[in-house]
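The structure appears below as structure tokens.
The values are calculated or read from the model by the stated rules, or taken from the named source; none is laboratory data. Only a predicted model underlies this, so the values are computations on that prediction, with no experimental measurement involved. Cβ: placed from backbone, ideal geometry, glycine included. Neighbour counts: every protein chain shown. Note: areas computed on protein heavy atoms with side chains; ligands, DNA, RNA excluded. Shrake-Rupley method; radii C 1.70, N 1.55, O 1.52, S 1.80 Å.
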Amino acid sequence: MSSSGLNKSLKIYKGLKIFDNIAPYIKHMESVEDYRENLQLLEKSWDNLTIMGQLGGNNIDMNSTKKSFANLTEQLLNHLGIETIKKTSRQMQAKAQIAVDIVIRNLFERTADIGFLATDEDIRDFLNHTVSKYDESYENNISHLKNRFEEYVQKYSVYFDIVLMDTHGNVLVNLDENTKIKQSKDEIINLSLNTQEDYVETYKYHDFSPKYKKTLVYSYKVTKTNEKDSEAIGILALCFKFTDEMKGIFENLVNKSNQECLTLLDKSGHVIASSDKYQIPLGAKMEIATQGMHKIVSFGGRYYLSKTAATNGYQGFKGLDWYGHIMVPLEHAFLEDQSNLEISEDILQAILQYGDSFSDELKQIPIQANQIQENLNRAVWNGNVSQSKDSESDKGFSRLLLNEIAKTGEETKNIFKSSIINLTKTIILNDTISIASLMIDIMDRNLYERANDCRWWALNSEFRTILDNNIITSDLKNKLSSTLSYINNLYTVYTNLFIYDKNGVILAVSQNNQEHLIGKKLDTLWSNKTLSMKDSSKYCVSDFESTDLYDNKPTYIYNAPIESSKSENTIVGGIGIVFDSEIEFKAMIDESMPRTVKDEVKNGVFGVFTTKNKTIISSSNQKYSVGSYLDITDKFFNLKNGETYSEIITLDNKFYTIGVKCSNGYREFKNGSDDYKNDVYSFFFSYISEANIPIETSKPKLLSNDVVKTQCDDCQEIATFRIGSKYLGSYCKDVVQSVSIDKLETAINLDDTNCFKGTIIHNKMAVSVLDISSFIKEPVDTNYNEIVIVDYEDSQEHHFVGLLVSKLENIVDIETKKLKPLEQNLITGGALIQSIVSVEQNGDNKLLTILDIKKLANKLTN
């Protein structure tokens, strides 16, 4: 669907011309339907007012006004419909994409796990000394290996079982005590033994997990050494908590209010995970809908909007070619979100006019609505002026009718205004929160792995044995460095791994360019805390701070205590792993940013990670450097874990939509059970417009469009208007009518100080138009909108002159006795003023200055 519906054919929907590409959906759009019903209800009011107007004898062409509003209604509803569909489609695409990409990122880490764990020396040692379960050495060794596997799944809690087999499929060790299978004939045995890859990934029934119809398993061969052609001595399989993982992903993404169902499909389109298995069951065959914004499909006797997203992959890894797929019941697909956007309507209207995200057609709608209303207000004002001169008409009825016409017009305009404001919010808020949520979700999941890595590597038998020595020789240090180097080559998210003894002295490093650190004594909060720990399940993370362990740049260093191999709960040292935060955090942000069809980050968007004290951890905008402060209001940093917020803010003299989320951890990471507290905030910024755009402030209406009636037998009718802030008037008998400023033909070759501004044509006569602001001491900083034509008599001849006016007000009845001539010596310029009176309305008194039209015209035209 194109963003502009103007090229689409039309259909009639409840009396309105609607683009055919929104016709199937519009009846399900509650807010759009509400606007349609209200506007069509007002349209009936116009019909009634037209009939009444004919009875009352006023000359207002309400058919023209009705037709103008009706045409604008069609434009508005079409734009609302298109933007509502686009918003829903964007949300569906985002959720389907995130669902599959998040799990693929997770599974990428699993491929590293199996490759590394298959080289574990304890596993090799067990296999080298075990021929079968019936060996004498089997019972002696299995307890240690099972404990090792249990330690592993305690750290990497994404697995529910670890299975170790020999090359013939005989099951030697498995953690699941309820599974008693002795031998596997699963195909993964041959696949693992013969693969040229670094892992085997299978999602199917596995005979060594007979309780489950399908499981996701990562397997690989265990070889005698790390040499390329080393002999295979066993098969290792890691069984992933797939259902558990998808449940967590779905819970973060699914909006239950619209009954949507988020699923994961295999490459043939069958459902392998569902957020609502009763609505979309496992195994169901879905129609893959990767093309277009969405597709309408029928499933289980119900119509749905559906959208499918193929994975973008992660570092080239795409897993088993799964899809993210979302199904939203058509009748619930367009529910309105409750926006917490705190911004004035005046700013939103200015943003609509000057922002880059809005089409010219959309920008014209509020302009046209205002023009229609101005024309109507002018017609009502002129009608009241005309009625004041007609002694034959029922003035009371006519005035009530004219007032009702003005009110109906104002109601109609307000509905347009409200709908445009909501539409503007819809467009500018876009997916700010979902993108901020994706950023922090990726970070939490990534750092979960870092907390696991340091704890698992701390359990390395070689590290524990070497650190048990009272004296650690150069050869032993080299051995430590060699192992660290091997690990670091597999896990490239770290710039360095290092081991320190119980005194905090660094013994070994993984990188040659970091060897100058060997012998350095650590005396930091994080190293001291690590060495004081007594539990191998614990870890410690540095603050995000600059350190010479990371070239004097800020980062996180993850640490775990190394326990003695001889004495439980005796700590003999620690391992530190230096996270490459500059590269990795930047990549997390970049991968979360919305992109164009050319896979380029969209212009005007950027992301930022910060600490709770506003320190920038990472940014995709060079202006906001790491270590500096994000200078925005404190309320964003008061969000609690998992909370989100969106708003429009001014930053660097620009308007941005901002979405923010406070980190919520992942599994046990940062969720209380691991004692680690470190709130991080993800911010997504989307440029709207420059902040120095003209913003017109909506002012409360001081006076209504009706006649201000005073109970008196001898009253004069005064037509009132404003020039700048001055509240002015003229006797109705002296007013001809008001016309739009558009009718003015400006004067040429006159300087700006000249009060003569041009002419208009009235009754085939040229009428001079004057600007009297300088004579009434009123600097006018807004544009004029009206020209009030007045009539004065001079030497028994009638003359006409036009006055530039900012705004028309009302017609007021004033007692004649109050209209006393002004003493000319009391006020400068008083020769132009006939009188000043107080007008009461709604309990307030307003000073009204009544102009002496004849003297004014003579002074200005002579």
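Okay, here's what the table says:
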item: The stretch 436-457-the stretch 539-577 distance, computed between alpha-carbon centres (Å); result: 16
item: Distance from the stretch 234-261 to the stretch 99-172 (C-alpha centre basis), Å; result: 23
item: Other-chain or far-sequence residues with amide H under 5 Å of Gln716's (modelled H); result: Ile814, Glu815, Thr816
item: Full-extension gain in nm, Lys67 to Ser725, via 0.36 nm per residue minus C-alpha separation; result: 233.5 nm
item: Added length on full extension, which subtracts the Cα-Cα distance from 0.36 nm per residue, Asp176 to Ile51; result: 36.6 nm
item: Dipole-positive endmost among Tyr784, Gly292, Thr524 within the chain (Cβ charges, Cα centre); result: Gly292
item: Burial order of peptide ranges 122-131, 658-667 (average beta-carbon count within 10 Å, highest first); result: 658-667, 122-131
item: Ellipticity estimate at 222 nm from DSSP helix runs (n ≥ 4, -39,500 (n - 2.57)) divided over the chain, nearest 500; result: -11000 deg cm²/dmol
item: Span-rule helices in the chain, defined as complete DSSP H runs reaching 20 Å or more along the axis (Cα) with Kyte mean at least -1.0; result: 30-56, 62-117, 360-389, 395-429, 432-457, 474-490
item: Rg(Cα) / (2.2 N^0.38 Å) computed for the stretch 269-359, rounded to two decimals; result: 1.53
item: Per residue accessible area in Å² of the chain, where ligands, DNA and RNA are left out and the probe is 1.4 Å; result: 47
item: Cα convex hull volume per residue for the stretch 90-178 (Å³); result: 125
item: Zero-based 20 Å bins, Cα pair distances in the chain, whole percents; result: 12, 32, 25, 16, 11, 3, 0
item: Most positive-pole-ward Cα, Asn692, Gln622, Ser682, against dipole of the stretch 556-694 from beta carbon charges; result: Asn692
item: Ordering of 568-581, 64-77, 438-451, 165-178 by packing [mean C-beta count within 10 Å, highest first]; result: 438-451, 568-581, 64-77, 165-178
item: Fully extended contour minus Cα-Cα distance, from Ser567 to Ala284, at 0.36 nm per residue; result: 96.4 nm
item: The stretch 638-643 - phi-based ³J(HN,Hα) in whole Hz, Karplus 6.51/-1.76/1.60, Gly and Pro as x; result: 9, 5, 8, 3, x, 7
item: Amide H contacts of Ile233 (H built 1.01 Å from N, under 5 Å, at least 5 apart or other chain); result: Val222, Thr223, Lys224
item: Trypsin sites (Lys or Arg not before Pro) within the stretch 136-209, DSSP loop, no more than 16 other Cβ atoms inside 10 Å; result: Lys180, Lys182, Lys185
item: Restraint check, Lys86/Lys612; Lys820/Lys854; Lys95/Lys661; Lys14/Lys95; Lys95/Lys612, Cα-Cα greater than 23 Å; result: Lys86/Lys612; Lys14/Lys95; Lys95/Lys612
item: Cleavage-rule hits, trypsin sites (Lys or Arg not before Pro), the stretch 225-297, DSSP coil, Cβ neighbours within 10 Å at most 13; result: Lys228, Lys267
item: Contact order relative to length of the chain, as percent, for alpha carbon pairs under 8 angstrom and 6 or more apart; result: 10
item: Sequence-separation-based contact order of the stretch 273-352, relative, with Cα cut under 8 Å and 6+ spacing, percent; result: 20
item: Backbone N within the stretch 138-178 under 17 Å of label point (7 Å from Asp675 Cα along the Cβ vector); result: 155
item: At most 15 other Cβ within 10 Å, DSSP loop - chymotrypsin sites (Phe, Trp or Tyr not before Pro), the stretch 250-331; result: Tyr278
item: Most to least packed among 480-493, 624-637, 82-95 [average Cβ atoms within 10 Å]; result: 82-95, 480-493, 624-637
item: Equivalent-ellipsoid semi-axes of the stretch 462-588, from the Cα gyration tensor, Å, largest first; result: 23, 17, 13
item: Hz values of 3J(HN,Hα) by residue in the stretch 808-816 - Karplus curve (6.51, -1.76, 1.60), Gly and Pro given as x; result: 7, 10, 9, 9, 10, 9, 10, 4, 4
item: Those residues of the stretch 241-264 whose amide nitrogen sits under 16 Å from the label point placed on Arg302, 7 Å along Cα→Cβ; result: 254-263
item: Check: the chain dipole with +1 on Lys, Arg Cβ and -1 on Asp, Glu Cβ, in debye; result: 920
item: In Hz, Karplus ³J(HN,Hα) per residue of the stretch 533-547 (6.51, -1.76, 1.60; θ = phi - 60°; x = Gly, Pro); result: 6, 10, 10, 5, 7, 8, 8, 9, 10, 5, 5, 6, 8, 5, 8
